[in-house]
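Asks: I'd like to ask some things about the structure below.
The values are calculated or read from the model by the stated rules, or taken from the named source; none is laboratory data. Predicted, not measured: the structure shown is a model, and the values here were computed from it. Note that we place each Cβ from the backbone using ideal geometry, even for glycine, and neighbour counts take in every protein chain shown. Calculation scope for accessible area: heavy atoms of the full protein, side chains included, ligands and nucleic acids excluded. Shrake-Rupley method; radii C 1.70, N 1.55, O 1.52, S 1.80 Å.
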Amino acid sequence: MNDLHWLTIKEASEEIHSGTLSPVEYTQALISRTEQLDPKLNAYIKFTPERALADAKRAEEAILKNKSLTTMTGIPFGLKDIIDVVGFETTAHSKILIDNMPKSNAYVTDKLDSSGGILMGKLALHEFAIGGPAFDLPFPPARNPWNINHHPGGSSSGSGSAVGSGMLPAALGTDTGGSVRNPATSCGIIGMKATYGRVSKAGVVPLSFSLDHVGPMTRTVEDNAILLNAIAGYDKNDPSTEKNQILPDFTEFLHKGVKGLRIGLIRHFYTTDLKADVEMCKAIDDAADTFRKLGAIVEEIHVSPLSHFSSCNSIIMYCEALSIHDQWYKTRPEDYSKATRTRLMPGLFIKGEDYVNAQRTRTKLTQEINNQFKNFDLIMTASSMETACRIDEPETVARTYPRQARTVFNITGHPACAIPTGLATNGLPLGFQIAGPYFDESTIYQAAWAYEKENPFNNKQTDIK
Amino acid sequence: MSSESEIFFNQLKESGYEILVDKFSQEITSAKQTAESLTKTMPDSHHMYDEPSNVFTPNKINIDNNE
């Protein structure tokens, strides 16, 4: 058997169901791993081993009684600390919400709870999912498991760090401008931002109402599909969730292969609009060649410049975020980290007409991407333009963070998934992104699974001790 | 402080951001520049009724797929 902490959800679930692995034993192994690593990684804001062991015992009893088991039964997971769990503060990694005790669970918390998952704790983030990594907050910033001197991406930084380091097989993050896919790329894991409306945000601290998504983060594509199975669906408490969505088994078509799939490659995002560094550029081009080798038809396509998507995302996000933070911003601005305060501030100067124009532009850009899906099954492009930089160099962080192509799919609402390709010469993960038509996460997983089989990243494990 | 800066700082104070202006005026100046450069990088849009002028709403994105 593998070290227990490196088991995938699928592997652990099979062993749990067959009785060769006890959820208590598995949870205990991850508790030990966390006690060993988290003092270096700071992935957790609140680590809850007592609750985890109690949940694990309940899962064990359910298995012994053969009660309705799911693939998530007995599987530990963590939640970004903007997702509500009764009994634990939802701090959003901020002094502002340090005593914020939720009255009910978030929808996704209930879904994972009822599927038999085991909550291990609340995970670090960039303050309010926007400001970080920051050192002037009540909790330290999470670090990259491949090199603790580097950031793990954000804003779901703790989720990326915990999954990438083998402290957890599964975590949830949120994604407003790439905050699931950035830590996924930075930490060498899979991060899916499903279609806007696929997963409920009820019980999640908002950043930007029309751009926010909740998304699964795992070490393999199959695990990601399993986790999305557990959290997707209509929720009457989140009016943005799609009532008529068809809920497939996202694992069903994983093995279908990519032969004949048409993939549009937006190369100008990372060669012209922004220039990815040489290794990242090669990693994405090589991934396109891998798909060609596997029988997909990959053709270069052109859409509006990346800056149109990213400016549109920023204008909408700044305005919507300020509308949420306005009262705290007026009365307690010194209680934010400098990073958050300065990132929220442009919202003060964006005029009503700019917001309306950004929304009109959003509609046009969305139609443009939608039109591409008339000719292509999937779109692939860059996620980040370089590997994660050092965490203690704020100017480099500020320069490199916007160098990404993820906001495109927050603007349009299409599902998009970050997939690792390998390690750069500096030892940090490289990766790319695949997007698909609305509510077609299955085809993304199908392609991502085929790529992963050909180029398995999950056999590369951090040697952090 | 230039008179232009004084005007917008006063406007912010009148809107309730007194603490922000008193403690973080340098950050505000920089944020104003960020906002201005952002709006400049948006594509030109001319306003016609034959273009999509609707404000994005979550339900509209699903029309092609679900109806």
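Asks: Evaluate region A:212-221: report whether one residue or more is buried (at least 19 other Cβ atoms within 10 Å of the Cβ), at pLDDT 95 or above and polar (S, T, N, Q).
Replies: yes
Asks: What helices (runs of 4 or more DSSP H) completely inside region A:284-392 contain at least 3 residues that are closer than 26 Å to A:Pro420 by Cβ?
Replies: A:306-331, A:352-375
Asks: Condition first: more than 7 Å from chain A (Cβ to nearest Cβ) and either under 15 Å from A:Tyr318 (Cα atoms) or open to solvent by 30 Å² or more (accessible area, probe 1.4 Å) (or both). Now tell me which residues in region B:12-29 satisfy that.
Replies: B:Lys13, B:Glu14, B:Ser15, B:Glu18, B:Asp22, B:Ser25, B:Gln26, B:Thr29
Asks: Got a sec? Which of A:Ser240, A:Ser179, A:Ser161 is surrounded by 24 or more Cβ atoms within 10 Å (Cβ to Cβ) and without any contact (Cβ under 8 Å) to a residue 60 or more places away in the chain?
Replies: It is A:Ser179.
Asks: Restricting to region A:387-409, name every residue that is crowded, with 21+ Cβ neighbours inside 10 Å and closer than 18 Å to A:Ile266 by Cβ.
Replies: Scanning region A:387-409 gives A:Gln404, A:Ala405, A:Arg406, A:Thr407, A:Val408, A:Phe409.
Asks: Between B:Val55, B:Val21, which is aliphatic (A, V, I, L, M) and modelled with pLDDT of 90 or more?
Replies: B:Val21 is the lone residue from the list that is aliphatic (A, V, I, L, M) and modelled with pLDDT of 90 or more.
Asks: Something else now. Could you please let me know if A:Gly233 is more than 19 Å from A:Ala450 (Cα to Cα), touching a residue at least 24 places away in the same chain (Cβ under 8 Å) and open to solvent by less than 10 Å² (accessible area, probe 1.4 Å)?
Replies: Criteria met by A:Gly233.
Asks: Examine region A:102-125 for a residue that is of a type in the set (Val, Ile, Thr), within 14 Å of chain B (Cβ to nearest Cβ) and outside any helix (DSSP H, G or I), and state whether such a residue exists.
Replies: No, every residue in region A:102-125 fails to be of a type in the set (Val, Ile, Thr), within 14 Å of chain B (Cβ to nearest Cβ) and outside any helix (DSSP H, G or I).
Asks: Output the residues belonging to region B:1-29 that are over 20 Å from A:Arg332 (Cα atoms), assigned to a helix (DSSP H, G or I) and not aliphatic (A, V, I, L, M).
Replies: B:Ser3, B:Glu4, B:Ser5, B:Glu6, B:Phe8
Asks: Would a scan of region A:442-452 turn up a residue that is under 24 Å from A:Leu261 (Cα atoms), open to solvent by less than 10 Å² (accessible area, probe 1.4 Å) and within 14 Å of chain B (Cβ to nearest Cβ)?
Replies: no
Asks: Here is a further query. From the list A:Asp84, A:Asp99, which residue is open to solvent by 20 Å² or more (accessible area, probe 1.4 Å), touching an Asp or Glu at 6+ places or on another chain (Cβ under 9 Å) and more than 24 Å from A:Arg33 (Cα to Cα)?
Replies: A:Asp99
Asks: Quick check on region A:303-319: of everything there that is of a type in the set (Val, Ile, Thr) and over 13 Å from B:Thr34 (Cα atoms), which residue is farthest from the other protein chains (Cβ to nearest Cβ)?
Replies: A:Val303
Asks: Additional query: Which one of these does A:Met217 not meet: (1) among the hydrophobic types (A, V, I, L, M, F, W, C); (2) touching a Pro at 6+ places or on another chain (Cβ under 8 Å); (3) part of a helix (DSSP H, G or I)?
Replies: A:Met217 satisfies every listed condition except (3).
Results for (1) open to solvent by 10 Å² or more (accessible area, probe 1.4 Å); (2) within 27 Å of A:Ala12 (Cα to Cα); (3) touching a strand residue (DSSP E or B) at 6+ places or on another chain (Cβ under 9 Å), shown as yes or no for each residue.
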residue: A:Glu61; (1), (2), (3): yes, yes, no
residue: A:Lys65; (1), (2), (3): yes, yes, no
residue: A:Leu79; (1), (2), (3): no, yes, yes
residue: A:His93; (1), (2), (3): no, no, yes
residue: A:Lys103; (1), (2), (3): yes, no, no
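Asks: Moving to a separate point now. Does A:Leu274 satisfy the condition of being within 26 Å of A:Ile369 (Cβ to Cβ) and out of contact with any Leu (no Cβ under 8 Å at 6 or more places or on another chain)?
Replies: Criteria not met by A:Leu274.
Asks: Just the residues that are open to solvent by less than 10 Å² (accessible area, probe 1.4 Å) and more than 10 Å from A:Met385 (Cα to Cα), please, taken from region A:266-282.
Replies: A:Ile266
Asks: Of the residues A:Ile379, A:Ile391, A:Ile369, which is touching a Ser or Thr at 6+ places or on another chain (Cβ under 8 Å) and in contact (Cβ under 8 Å) with a residue 24 or more places away in the chain?
Replies: None of the other options fit; the residue is A:Ile369.
Asks: With respect to the numbered conditions (1) under 20 Å from the mean Cα position of the chain (by Cα); (2) in a loop (DSSP other than H, G, I, E, B); (3) modelled with pLDDT of 95 or more, which one is the sole condition not fulfilled by A:Gly260?
Replies: (1)
Asks: Counting only residues that are touching a residue at least 40 places away in the same chain (Cβ under 8 Å), of a type outside the set (Ser, Thr, Tyr) and under 23 Å from A:Phe250 (Cβ atoms), give me the helices (runs of 4 or more DSSP H) lying completely in region A:1-96 with at least 3 of them.
Replies: Result: A:9-18.
Asks: Would you check which residues across region A:320-342 are open to solvent by 20 Å² or more (accessible area, probe 1.4 Å), more than 10 Å from chain B (Cβ to nearest Cβ) and either over 13 Å from B:Glu27 (Cα atoms) or free of Cβ contacts under 8 Å to residues at least 60 places away in the same chain (or both) and list them?
Replies: Matches in region A:320-342: A:Ser323, A:Ile324, A:Trp328, A:Asp335.
Asks: A further question follows. Of the residues that make up region A:343-364, is at least one under 23 Å from the mean Cα position of the chain (by Cα), open to solvent by 20 Å² or more (accessible area, probe 1.4 Å) and facing another protein chain (nearest Cβ under 10 Å)?
Replies: There is at least one residue in region A:343-364 that is under 23 Å from the mean Cα position of the chain (by Cα), open to solvent by 20 Å² or more (accessible area, probe 1.4 Å) and facing another protein chain (nearest Cβ under 10 Å).
Asks: What are the residues in region A:393-411 that are assigned to a helix (DSSP H, G or I) and either in contact with a Lys or Arg (Cβ under 8 Å, 6 or more places away or on another chain) or over 23 Å from A:Glu368 (Cβ atoms) (or both), if any?
Replies: A:Pro394, A:Glu395, A:Thr396, A:Val397, A:Ala398, A:Arg399, A:Thr400, A:Phe409, A:Asn410, A:Ile411, listed by residue number.
Asks: Still on this structure, please answer the following. Could you tell me which residue of region A:160-190 is farthest from the chain's Cα centre (by Cα), considering only residues that are assigned to a loop (DSSP other than H, G, I, E, B) and of a type in the set (A, V, I, L, M, F, W, C)?
Replies: So the residue we want is A:Met167.
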